[in-house]
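Visitor: Shown below is the structure under consideration.
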Amino acid sequence: MADALFWIGGGLIVAGAMLSVLGAAGVLRFPDVYTRIHAASLTDTGGATLMLLGMGLLGPFGLITLKLLLVWAFIMLTSPAAANALANAAFGSGHRPRIGNFQIMGEDKATDAAPESAGKERA
Amino acid sequence: MTAPVLEASFALNVALLLMLVVLAAAVVWTRSLLAAILLMSVYSLVSATWLMVMDAPDVAFTEAVVGAGISTIVALGAILLTRGEAVRVSWKRQVVPGLLAGLVGGLLIYAMSGLPDFGDPASPANSHVGRAYLETAKRDIGAPNVVTAVLGSYRGFDTLGETVVILAACIGVALMLGFGPRATLAPPAGAPGDHHVVLRVTAKMLVPLIILFALYVQFHGDLGAGGGFQAGVIAAVAIILHALVFGLRETTAAIPPQAARAVAALGVVVYAGVGIVCIVNGGGFLDYDHLLTPQIEAMIPAGLLGDPDKPHHWGQYFGILAIELGVLMTVSATMITIFYGFAGRTIDAIAAELRR
Amino acid sequence: MSWIATHFNYVVVVILMMAGLFIVFSSGNLIKRMIGLALFQSSTALFYISFGKVSGGTAAITLDAQGAEGQALAAQLDPAYVAQFGVEGVVYSNPLPHVLILTAIVVGVATLAVGLAIAVRVRESYGTVESDEIDAVSRVAAEQAEPAP
Amino acid sequence: MQLEALYVAQPALTAQAPILAIAVPLIGACAAALAPSGRAGWMISVVAAMVSAWMALAVAGEVMREGVILYQLGGFAPPAGIALRVDAMGALIALLIGAVGTLAAVFSGHSLAAEVRPEKHTLFQAGFLLAQAGMVGLVYTGDAFNAFVFLEVSSIGTYALVAAGERRDRRALPAAFNYLIMGTIGATFYVIGVGFLYGATGTLNMADMAARLGTLDQNAAVQAGFAFIVAGLGVKAAMFPLHGWLPGAYAHGPSLISLFLAATATKAAIYLMARFLFEVFPDGAAFGDMFLQWVLAPLGAAAVIVCSLQAVFARELRRMIAFSSVAQVGFIFLGFSLANASGLSAALFYMTAHGLMKAAMFMALGGLAISIGARRLEDFAGVAREAPWTAVAFGIGAASLVGTPLTMGFLAKWQIMEAALAGGRIWIFAVMAAGSVLTLVYVGRIIEVMFFREPAPGAPRAKESPVGVLVPLLILAGLSLWFGIDASLPQQLAQAGAASLFEVRP
């Protein structure tokens, strides 16, 4: 039983870590602010959930479980709100979502630097 | 001397330290101040992790709330009010500073050879006073967290000085930025173009929770990591969050800057007052064993805290509780004052000052 | 164990100190100098904490050595290590450097706040936070006639 | 005057006097910050500073009767707890801080009204009291790390106080920033040094440290600890060439802060350095003696010559006096470098003398600054006619600076020179003589302009200082004269302090 819990918990932690790494890759590779926020915030909450679940299985049941639960509630509350605020701020400062097809990777940087021009590329 | 056995966590130690070196190098290299500040914030988080590996949870906690929290906020406020980029320094102007830093570094490397090995339990540092605290803290003070015992009681005078340093910073920042034209930070709710409903709702939920957490940290300091300083910063963060979301006008209506400054001063009064009470009751300054007169001590029910048969150091217990309260007051009020100082100044305020 | 392994932490501390000092001395930007100063100050924290670490130690929150947790920690110690240093029961890291560094971190943030506040005022008064430009403004002011009180 | 009977307070009060000398200004600072008006803040400041000075007097009397005082904080014996440890030397410096602090607090009533915005007065007084408390703590403490804490207590508020001079002279801002950077580097160097010593000895208590260092082989860590502590405190003490922050901070800060810092701040740091040099590193420290001979003496001599020359060529009056301060620190270090009891005692006496005369000079300039905003030397032409009392008090301070007979400065300088001759260091004697001549040159320039030159036509006219300034100012000038004739009070404390440090040395 304890052995099984160890493996399941460990597996969940590794999965959570993998998800976070994927999120980081998304932040680096996605084309505009909004998709990047999307990548970061979703994988952040998801990864943290998996890891906390794993830790809860590894640790003894009791006060520690309660603390992990509180941490989880806190993350579920703050991380989406932060993502929302970030997107709001980006929108407010003139960044527009890029919609349509992108073939030329080199263009990304140019449009990031000049957010106003992003609107022109709309399909 | 034979080398001590290194643990498995040594690898973690090395990895984290290398990350710190990379971060520091990036700070040296970058010209963007925004990047430098964020890198320093990451640096603080990594070093907080490292401090956990070094068995220093109290310090790690402090480093996380201070380095990654307050320092970052203050520094971001400062670059908003000044400039986001440093001017490039020509390599000629870097030669002499490089030589100076190299000189100090060389001296340090030479000196480090005289230090005991890492992790050596028999080194002078780890065997004299430090070891003695571990053996006597439970007997003298009664708190399981030895760091709290040393901080609050054995070296309580240092902590008083530390609290006074915080008050000095409060006075300093208030003198520099606390007067003159003020800004209001965020637009009032319901203004056109206001999209921050989600943020406001979340913040409304979070502020009381954060303050609750601060109180937990405050009173848990005897048993685990935490104490007045960390709790003070956390409580201040709740207020700062409120100001960021609801605007400075709302927050200063609840906590006026004068009130914040007064609380900061009162915190030191509480701390030093505990010391004076000890003198009045016949002990030395901050000698908590004389904090309570025997009459008062007799009134405390024996079973107030856990086992009634175990002797309790009521003076030490209440003394540390009281001084931690003083620290909480000064630290939280000072952090709020510092935030008010930076947030209350905007470019408009600068322009007004310049016209004056 | 080679010297590098037993003194690795100290070498890193020296590198961080040099980085901090270099920024303070070389940069002309007041904000950048404050950042360098913060780096320099925080490196002393690493220094103190490094020599307070005890191998096999745990945080200095005393537990009952006979209790379950204490027994478990004591059992983890390497027998060779125990034999070499004669340690017994639970080993704790040295709490004193932790206390000192708590104080030092607080002093660091106090310095940072006051320094940045002064830098903001410099910007308001001189219109810049670059040392060279401040010097230039001062020089021009000094060459002009004495201002009225 | 018999010092043993100097001042006998009630035994219960005497026992607590060392801590009260620190705690009263601390609590006073909080009260001043809470004060409803600038005037109330001023009154609190005067009372707190006065009580601190009174306690320092009680401590000095007790030290003369009983020898070194040990006061345990928190009821724990050192090295586990922190202890205050006051010897005669510390008692003297704390007395100087208390006296100058009290007079400066009285002076601040008028000075702040002229130089700082009214709504900032309460906070300003609070910062001033914190600086005073920090310096007394720095002098009294017997714990190396606690000294760092008090070093910062006395500094962090001061940076902002110096910067507050920007209302009159905006160069105060970059000067204060520079002061902050240098001061923090100095304090951090000190912490690194203490860290090395802690790593080598395992203790932070200075007496315990000294005992353990005596039994220890001198390894690289101890040597580096010594170097970092001396360099760090050297910055705070404005040891040449680490004095870069001082002229700007003194010249552009508000008068109150310039006067208080010039009289006390460097002294407290020098005192702490002396304790490390002569107490913590005892006779075993061969490199300590080498340091005195080959580093401290040449640096002191360089300070005397170079900074006196800079003072001669300075254009602004306050800057001139600030450079002179660095040169005087050089004189003090020359006294230290003799490494014997008479040299140390002379240097201590010199510290006191310099504190009193510089306080008088800066206070006189502060009194003049209330009516005229002059900075350059020429702008002070003929002020002696409009403000004779202020000018006379300034003149007495200046005379003491030069070393005119019948002033305290004369005795002080003569004692160091005598000790140098007795120790066979002719070159130190020669440097001191040359330094005195240079001092005479720039002081002569100032006196000539102030007393014998016609005021420029159309220039703003100075007014005599108000009574609130004249009283403390004349007391300071009077002290410089009084101790020039009967120096027994500072003399005995200085000699007892030096003797107690050297009796352990061969």
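Visitor: Six or more apart or on different chains, Cβ atoms under 7 Å: show the pairs whose first residue is in the stretch C:99-117 and more than 7 Å from every other protein chain (Cβ to nearest Cβ) and whose second is surrounded by fewer than 24 Cβ atoms within 10 Å (Cβ to Cβ) and in a helix (DSSP H, G or I).
Guide: C:108/C:41
Visitor: Quick one: count up the residues across the stretch B:76-103 that are within 14 Å of chain D (Cβ to nearest Cβ) and either within 25 Å of residue D:202 (Cβ to Cβ) or out of contact with any Phe, Trp or Tyr (no Cβ under 9 Å at 6 or more places or on another chain) (or both).
Guide: Total meeting the criteria: 2.
Visitor: I've got another one for you. Restricting to the stretch B:81-119, name every residue that is surrounded by fewer than 21 Cβ atoms within 10 Å (Cβ to Cβ), of a type in the set (A, V, I, L, M) and closer than 30 Å to residue C:56 by Cβ.
Guide: If the condition is that a residue be surrounded by fewer than 21 Cβ atoms within 10 Å (Cβ to Cβ), of a type in the set (A, V, I, L, M) and closer than 30 Å to residue C:56 by Cβ, then B:109 is the only one that fits.
Visitor: How many of the residues in the stretch D:90-134 are within 14 Å of chain B (Cβ to nearest Cβ) and either in contact with a strand residue (DSSP E or B) (Cβ under 9 Å, 6 or more places away or on another chain) or more than 15 Å from residue D:155 (Cα to Cα) (or both)?
Guide: 10
Visitor: Only one residue in A:80, A:31 is under 29 Å from residue B:210 (Cβ atoms), crowded, with 16+ Cβ neighbours inside 10 Å and under 17 Å from the mean Cα position of the chain (by Cα). Which one?
Guide: A:80
Visitor: Let me ask something else. Output the residue which, of all residues in the stretch D:52-83 that are within 13 Å of chain B (Cβ to nearest Cβ) and of a type in the set (Val, Ile, Thr), is nearest to residue B:130 (Cα to Cα).
Guide: Once the filter is applied, the top-ranked residue is D:82.
Visitor: Also, quick follow-up: In the set D:319, D:376, which member is under 18 Å from the mean Cα position of the chain (by Cα) and surrounded by fewer than 24 Cβ atoms within 10 Å (Cβ to Cβ)?
Guide: Matching residue, one of D:319, D:376: D:319.
Visitor: So for the stretch D:401-423 (the condition being of a type outside the set (D, E, K, R), surrounded by 16 or more Cβ atoms within 10 Å (Cβ to Cβ) and over 24 Å from residue D:481 (Cβ atoms)), does at least one residue qualify?
Guide: Checked against the condition, which is being of a type outside the set (D, E, K, R), surrounded by 16 or more Cβ atoms within 10 Å (Cβ to Cβ) and over 24 Å from residue D:481 (Cβ atoms), the stretch D:401-423 yields at least one hit.
Visitor: So for the stretch B:193-201 (the condition being part of a helix (DSSP H, G or I), more than 8 Å from chain D (Cβ to nearest Cβ) and either at pLDDT 90 or above or under 25 Å from the mean Cα position of the chain (by Cα) (or both)), does at least one residue qualify?
Guide: No - not one qualifying residue is present in the stretch B:193-201.
Visitor: Next question. Taking only the stretch B:215-236 into account, find how many residues are of a type outside the set (Val, Ile, Thr), crowded, with 22+ Cβ neighbours inside 10 Å and assigned to a helix (DSSP H, G or I).
Guide: The qualifying residues number 8.
Visitor: If you go through the stretch D:232-245 one residue at a time, how many are in a helix (DSSP H, G or I) and among the hydrophobic types (A, V, I, L, M, F, W, C)?
Guide: 3
Visitor: Which one of the conditions (1) buried (at least 24 other Cβ atoms within 10 Å of the Cβ); (2) over 25 Å from residue D:252 (Cβ atoms) does residue D:212 fail to meet, given that it meets all the rest?
Guide: (1)
Visitor: A follow-up question, please. Restricting the search to the stretch C:1-48, which residues are modelled with pLDDT of 90 or more, more than 7 Å from every other protein chain (Cβ to nearest Cβ) and over 18 Å from residue B:105 (Cβ atoms)?
Guide: C:34, the sole residue that qualifies.
Visitor: Got a sec? Which of B:149, B:78, B:122, B:143 is crowded, with 23+ Cβ neighbours inside 10 Å and at pLDDT below 80?
Guide: B:143
Visitor: Same structure again: Tell me, please, whether a residue that is in contact with a strand residue (DSSP E or B) (Cβ under 9 Å, 6 or more places away or on another chain) and within 25 Å of residue D:120 (Cα to Cα) can be found in the stretch D:36-49.
Guide: No - not one qualifying residue is present in the stretch D:36-49.
Visitor: Sticking with this structure for a sec: Within the stretch D:261-281, count every residue that is over 29 Å from residue D:108 (Cβ atoms) and small (Gly, Ala, Ser).
Guide: Final tally of qualifying residues: 1.
Visitor: Follow-up question, since we're still on this one. Please verify whether residue D:396 is surrounded by 24 or more Cβ atoms within 10 Å (Cβ to Cβ), among the β-branched types (Val, Ile, Thr) and over 19 Å from residue D:277 (Cβ atoms), treating the condition exactly as stated.
Guide: The answer is yes for residue D:396.
Visitor: Also, I was wondering about something else. Kindly indicate whether residue D:131 is in a helix (DSSP H, G or I) and under 19 Å from residue D:44 (Cα atoms).
Guide: yes
Visitor: Is it the case that residue D:74 is out of contact with any helix residue (DSSP H, G or I) (no Cβ under 7 Å at 6 or more places or on another chain) and crowded, with 19+ Cβ neighbours inside 10 Å?
Guide: The answer is no for residue D:74.
Visitor: Additional query: Return the only residue of B:173, B:164, B:147 being facing another protein chain (nearest Cβ under 7 Å), touching a residue at least 12 places away in the same chain (Cβ under 8 Å) and in contact with a His (Cβ under 9 Å, 6 or more places away or on another chain).
Guide: The conditions single out B:147.
Visitor: Related question: Within the stretch B:84-132, count every residue that is under 17 Å from residue C:95 (Cβ atoms) and over 32 Å from the mean Cα position of the chain (by Cα).
Guide: 0
Visitor: OK, next. Quick check on residue C:64: is it modelled with pLDDT under 75 and at the interface with chain B (Cβ under 8 Å from one of its Cβ atoms)?
Guide: It is false that residue C:64 is modelled with pLDDT under 75 and at the interface with chain B (Cβ under 8 Å from one of its Cβ atoms).
Visitor: Right, something else. Can you confirm whether the stretch B:60-67 contains a residue that is in contact (Cβ under 8 Å) with a residue 12 or more places away in the chain, of a type in the set (D, E, K, R) and not in a helix (DSSP H, G or I)?
Guide: No: zero hits.
The values are calculated or read from the model by the stated rules, or taken from the named source; none is laboratory data. Computed from a prediction, not measured in an experiment: that's the story for all the values here. Every residue, glycine among them, receives a Cβ derived from its backbone with ideal geometry; neighbour counts consider all protein chains shown.
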